[in-house]
Amino acid sequence: MKVTAIFLLSALVLLSLSGNGRAEVSGTQAVCNSNVDGCTKIHDPICGTDGITYSNECELCMENKRRKIPVLIKKRGPC
């Protein structure tokens, strides 16, 4: 009985630890309008995969257009 309990407890611990090794999703692509040359002043913070907080998704798109580097959306809200 004790051996079974120890085995089940060990299996539970191993299963819970195995979930920590997964890689995080790197980000999602911003929805950009290529014809726009400016953005509104609406404050809706976006955290980019470069670690910079952009004031909104459009600002992230404009930065991608300027730098020619595809920064993705890491999360909604500030970094």
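Quick look at the numbers
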| quantity | calculated |
| --- | --- |
| Pair list, Cβ < 7 Å and 6+ apart or interchain, from the range 27-38 residues that are under 22 Å from Lys75 (Cα atoms) to residues that are modelled with pLDDT of 85 or more and open to solvent by 80 Å² or more (accessible area, probe 1.4 Å) | Gly27/Lys74 |
| Within the range 36-69, considering residues that are part of a helix (DSSP H, G or I) and of a type in the set (A, V, I, L, M), the one least open to solvent (accessible area, probe 1.4 Å) | Leu60 |
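The values are calculated or read from the model by the stated rules, or taken from the named source; none is laboratory data. Keep in mind that what you see is a predicted model, and the values were worked out from it rather than measured. Positions of Cβ are backbone-derived with ideal geometry, glycine not excepted, and every protein chain shown enters the neighbour counts. Each accessible area value is taken on the protein alone, full model and side chains, heavy atoms only, with ligands, DNA and RNA left out. Shrake-Rupley method; radii C 1.70, N 1.55, O 1.52, S 1.80 Å.
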